[in-house]
Every structure is written in C-alpha cells, then in structure tokens.
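These notes are about the structure you will find just below.
The values are calculated or read from the model by the stated rules, or taken from the named source; none is laboratory data. As the structure is a prediction and not an experimental result, all values here were calculated from the model. Cβ: placed from backbone, ideal geometry, glycine included. Neighbour counts: every protein chain shown.
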Amino acid sequence: MLEEIRIRDLGAIDASALEIGPGLTVLTGETGAGKTMVVTSLGLLLGARADPGSVRSGARSALVEGRFTLPARGAAALRATEAGAELEEAETGRSEMLVSRTVAAGGRSRAHVGGRAVPNGLLGELADDLVAVHGQSEQILLRSPARQREVVDASAGEDVAVPLVRFRAAFERHRAVRDQLEEIRTRGRERAQEADLLRHGLERVERVDPQPGEDVALAEEAERLTHAEDLRLAAGTARAALTGDEDGAPGGGDAVSAVEAARRALDAVRAHDPALAALADRLAEVSVLVVEAGADVAGHLAALEADPARLAAVQERRAEVTALVRAYGEDATAVLAWAREASRRLLELEGDDDRVDELAREEAALAAELEDLADRLHAARAAAGERLAAAATAELAALAMGGARLEVRVERTERLSATGGDDVVLLLAAHGGADPRPLGRGASGGELSRVMLALEVVLAEADPVETFVFDEVDSGVGGRAAVEIGRRLAALATRSQVLVVTHLPQVAAFADHHLLVEKGGDGSVVASGVRALDDEGRVAELARMLAGQGGSSSARAHAAELLEGARRP
C-alpha cells in the first residue's frame, strides 16, 4: 500500500507531501494546479521513462520519494531484497520500502530502493506487485486485441494460466525442432562440405597423433640439440670452476676448495666468536650446495652430445605438430580439444538423414500436441470470457448503463502463436436495442471509462492489487453515471487502496480522504499547496467544482447534499 509521496520541483509542484490513507482518496484542484503531476510522480516511482522537460523551470533536478508497505515475503519485497534494498519492518508480516527517483534537468535519472541505487528497470519489475495505474492511455490499450486477451486471461486466474504455461513450453519446443529441421533441409550442401572439412582435419590429427604439450617439449629439445657444442663448453667450464678439473678432482682453484678453506678457517675460532661460528655453519651449507650443483652440472654435461640425426627427427616432428597447431588450435593441447569437438560434430552431421527422420516425427508429434493444448486453452478462455462478460455486464448496470451488455468472443483460429490459437474480442452493446460492436470502434470515451472500471472491479477479485490509481478515467461522464462511478470506486476501495484524480464532484463526494492541490498567488503550487480537507473544506471544494465558486450558497447546499448521499449505504 502507498503510504506517502513527496514531490519536489516536478512540473508545477514546488514541494509537496501527500499522505495516502487506506480506502478511497481523491485528488482535486483547478486546471493547471498540478494534479496530473501526482500521477506522473507515481509513474516515476514505478519505472516510467523520465522526461527532463517535467523538471520545474529554474530547478536543477526533480525528486520524487514514495513510502510503501507491502507483504514481507511477497514478490516485490523479495525482488527488492535481492537487489540489495534494506526494508524496515512496518508491522507483523509487512515491510516498509522507501523508493526515490531523481530526474536531472540535463536528462539523467537515478533510482534508489531501500537506500540502494538500482537500475530504473527494477522499479518496473516491482510495479506490477505494487500499484495498478489507469488513465487515458489505458483506455487506448483496452481497444487493442492483445490487451483484451490479457484481460480475459487475468480474469480466469489459474484456469487459463496453467494450460497457457504448458502451451507456451510446447510451442517453444515445437519452434526449436522446426528450426533444426529447416536448417538441416535447407543447408544440406553446406553441412556436407562442413563434414568433409572435419573429416579431413581429423585424419590429419590422427596421422600425426600429437600428445598434450608435445609442441613445447619438441621446441625445447630442438633448442638443446642445435646448440649442443656451446652447451657442452659452458657446462664443462662451470664444472671445472665448481669442483675442479675435467675429471672432477679438486684442484685448489675450484669453488668447493675455496669454500671449504673459508669454512675451516672460521671453524677453528668458533669458540671465541658466536658470529664467526654462525658464518662457519652457513659456509658448510654453501659447501653442500656447491658440491650438489657441481654434480648436477657434471651429470647434465654427460648427457649433452651432438646428435644430427636426432635433431633432424625432432625438427621434422615439430613441423608436423606446428602445422596442426596453425590449423586447429593455439597449441597441441588445443588441437586435441578441437579433435574431440570435431568428432562430436561430425557424428551429428553424418547422422543428418536419421536426424531428419527423427526430427520430422518429433515435429509432427509436437504439432498434434499443440493443437490439443490450444483446444484446451480455447475452452478455458471461452469459459472465462463468459464469466467475465456476465460479471462486467452486472457492473455496467451499476454504472448507469442499464441495458448495456459486454460480450467476449473467443474464436479458435488455425494460426498459433505463443499465446495460443485464439482471437479474443470484447464487444459492447451500449443499450438494450444496440448491436454489440468491438470496443475499438463502437465505444465512446465515457463508455470506455465505465467499461474499464467495471473490468477492474471484476479483475480485482481474480488478481488483487493493493493499490489502484485512476487518472481522470471519469472523463466524458456526468450526472447519474458520475455518481455511480464514484459508488463503484468506493466499493473497490473496500478491498484495495484507491487513489483517484478527478474533476467530477459526484466522484469526489465518495472519498474517504480528500486532497486538494492549490495554486500559489503567482500561479505556481507552493510547498503547502497539497492539503487534506476536513468536512467544511470538502463542502467548499465540491461547491467550487459544481459552480466554479466555493462561496455560492446554492452550490454549497448542493455539495452538502452530494456528501450526504455518498455516505448513505
């Protein structure tokens, strides 16, 4: 439920705070006072596109803040928490969520939920579970076949939702199978050429039979064999320097002898100086390391032999592996990975004939299943349409459209889409003697307003929403019809919170809470321009709406009569 909206520098509104209570809240005011900006601000909180032109002239940015209470474990609360929002406990089982939207005059906008910056798209995700906003644009949408189908589906609840989920899953599978079949049939030549290339590449890999990491090992061996003489000379010189002459006998000028001489000299006086004793121990360790290094160099030297035949073999093998690497991967390991994937793909391509038969059988089975599911979905929609038509017709009678009749036609077609195989059309017979005509062609603005309200009252039973916002949906309506619209809005407000922007006193009279948007002396709306009206204030405002002036005694008497009539059961 929407608890509060704060608006700053949006359109005509300088700074205003609106506390929205449960039940029916109406918002009235003179033309240009900023009533529609309230709905605009709510739209911003629900992810609507930001218009920099709505920022108040002279201001750098506009700010809208909203405070909502919502079920603590509801879809909106869980989605907000996933996005990092912090929600405060409002009462048992409910949480409080703060939402803000900033629109810069330069064009950028920022959104925050529960103190955390979020993408504007998240607000749109939360909107469906928070508020249902209806205005003139919704009347236009109601004329579209797609929107009419959605209305019927929403009224049916699980009766349509369950078969629709099954139908969509089968539809997506059928489309995927059909696309695969089409690809195999239309790209047969290309797939055959691909198979030939894969087969050739696998034959090359099988003939060479590379091993993981072999290209690196061959490169290292080729480097050693190419520089064998230089390596032997360097290793011999190092061995002599470390351990002695070429036979390994200590000579006196070698590193082992020098280190041992230093160690013995320090070891002789270790009892007199702990520091020299420590150095003697370190030299003992160095002596061991030098001896080991000398032995390793000697061993490596023994293995270093010039072998032209082996070098030629290595270079030949390296050329074969390198050719594969250039064609199929970054190294020998990658070539082997390519070969595994190529083998899998080749099996797939070589089985095209069998695959075509298999896919054709699956496509036929899915097509038959789709037709069956579409029939079931059609039956569920048709039944839902009858129930919706009956309930909406009863509501229209309560909205001063006695004799009016809403019909829902659900026609099964051969054409299937993701939503089934039905054409759904809402038709309205505006009075007893009229023929039903599609809403898109046969309904006036006032009739559409009442049809939409009737549908909303019916849908509230099947798909409840905590808060409804109606922006002048009573346009084109007056007299008794306006009174009945107010009565039905009040009835809807017994189950949900309802906020209505209206210019009709007959509707405003039914409010549980009446908010007035006032112009300032210079034509703008001041910070205190939105205020809640008491009974006396409501009489004055209704009188202004009736006669254009709040001081007229006859207008005030009429306003008081409206209020009294609205309070009667």
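Residues of segment 111-123 that are surrounded by 15 or more Cβ atoms within 10 Å (Cβ to Cβ) and in a strand (DSSP E or B): ALA111, HIS112, VAL113, VAL118.
Yes or no, residue by residue, for (1) modelled with pLDDT under 85; (2) farther than 21 Å from LEU427 by Cα; (3) surrounded by 21 or more Cβ atoms within 10 Å (Cβ to Cβ):
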| position | (1), (2), (3) |
| --- | --- |
| VAL103 | no, yes, yes |
| GLU125 | no, yes, no |
| GLU138 | yes, no, no |
| GLU150 | no, no, no |
| ASP159 | no, yes, no |
| GLU172 | no, yes, no |
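Every test in (1) assigned to a helix (DSSP H, G or I); (2) touching a residue at least 24 places away in the same chain (Cβ under 8 Å) is passed by GLU285 save one, and that test is (2). Taking (1) without any contact (Cβ under 8 Å) to a residue 40 or more places away in the chain; (2) assigned to a helix (DSSP H, G or I) in turn, LEU427 satisfies each apart from (2). Scan segment 142-195 for residues that are in contact with a helix residue (DSSP H, G or I) (Cβ under 8 Å, 6 or more places away or on another chain), closer than 30 Å to ASP353 by Cα and not in a helix (DSSP H, G or I) and jot them down. Listed by number, the list is empty, since nothing qualifies. Kindly indicate whether ALA50 is more than 26 Å from HIS513 (Cα to Cα), touching a strand residue (DSSP E or B) at 6+ places or on another chain (Cβ under 7 Å) and surrounded by 22 or more Cβ atoms within 10 Å (Cβ to Cβ). Here the answer is yes, as ALA50 does meet what is asked. Filtering segment 413-427 to residues that are buried (at least 16 other Cβ atoms within 10 Å of the Cβ) and either farther than 27 Å from ALA374 by Cβ or under 33 Å from the mean Cα position of the chain (by Cα) (or both) leaves LEU416, THR419, GLY420, GLY421, ASP422, VAL424, VAL425, LEU426.
Residues that are part of a helix (DSSP H, G or I), polar (S, T, N, Q), over 23 Å from HIS227 (Cβ atoms) and in contact with a helix residue (DSSP H, G or I) (Cβ under 8 Å, 6 or more places away or on another chain) do not occur anywhere in segment 313-331.
For segment 345-363, a tally of residues being closer than 11 Å to ARG199 by Cα and either in contact (Cβ under 8 Å) with a residue 24 or more places away in the chain or not aliphatic (A, V, I, L, M) (or both) returns 4. As a summary of the residue check, ARG270 satisfies the conditions (1) in a helix (DSSP H, G or I); (2) surrounded by fewer than 16 Cβ atoms within 10 Å (Cβ to Cβ); (3) of a type in the set (D, E, K, R) except for the one numbered (1). Scanning segment 288-312 for residues that are among the hydrophobic types (A, V, I, L, M, F, W, C) and part of a loop (DSSP other than H, G, I, E, B) turns up LEU304, ALA306.
Restricted to segment 1-39, and to residues that are hydroxyl-bearing (Ser, Thr, Tyr) and buried (at least 21 other Cβ atoms within 10 Å of the Cβ), which residue is modelled with the lowest pLDDT? Applying the filter and picking the extreme gives SER16.
Among the candidates GLU88, GLU65, the residue that is in contact with a strand residue (DSSP E or B) (Cβ under 6 Å, 6 or more places away or on another chain), modelled with pLDDT of 90 or more and surrounded by fewer than 19 Cβ atoms within 10 Å (Cβ to Cβ) is uniquely GLU65.
Of all residues in segment 72-118, those being of a type in the set (Asp, Glu) and more than 21 Å from ILE5 (Cβ to Cβ) number 2. GLU456 meets all of the listed conditions (1) charged (D, E, K, R); (2) assigned to a helix (DSSP H, G or I); (3) surrounded by fewer than 21 Cβ atoms within 10 Å (Cβ to Cβ) but one, namely (3). The selection criterion, being in contact with a Pro (Cβ under 9 Å, 6 or more places away or on another chain) and part of a helix (DSSP H, G or I), holds for LEU373. A single entry from ALA240, ALA262, ALA235 fulfils the requirement of being in contact with a helix residue (DSSP H, G or I) (Cβ under 8 Å, 6 or more places away or on another chain), surrounded by 17 or more Cβ atoms within 10 Å (Cβ to Cβ) and either in a helix (DSSP H, G or I) or β-branched (Val, Ile, Thr) (or both): ALA235.
Of the numbered criteria (1) of a type in the set (A, V, I, L, M); (2) exposed (fewer than 14 other Cβ atoms within 10 Å of the Cβ); (3) in contact (Cβ under 8 Å) with a residue 12 or more places away in the chain, the one ALA319 fails is (3). Note on segment 274-312: among residues that are acidic (Asp, Glu) and at pLDDT 85 or above, the one that is surrounded by the most Cβ atoms within 10 Å (Cβ to Cβ) is ASP281. Might you let me know whether segment 176-189 holds any residue that is polar (S, T, N, Q), more than 30 Å from ALA374 (Cα to Cα) and more than 35 Å from the chain's Cα centre (by Cα)? No; the residues of segment 176-189 include none that is polar (S, T, N, Q), more than 30 Å from ALA374 (Cα to Cα) and more than 35 Å from the chain's Cα centre (by Cα).
Pairs are defined by a Cβ separation below 6 Å, a sequence spacing of at least 6 or placement on different chains, a first member in segment 196-221 that is part of a helix (DSSP H, G or I), and a second member that is loosely packed, with under 13 Cβ neighbours inside 10 Å and acidic (Asp, Glu); no pair meets this definition.
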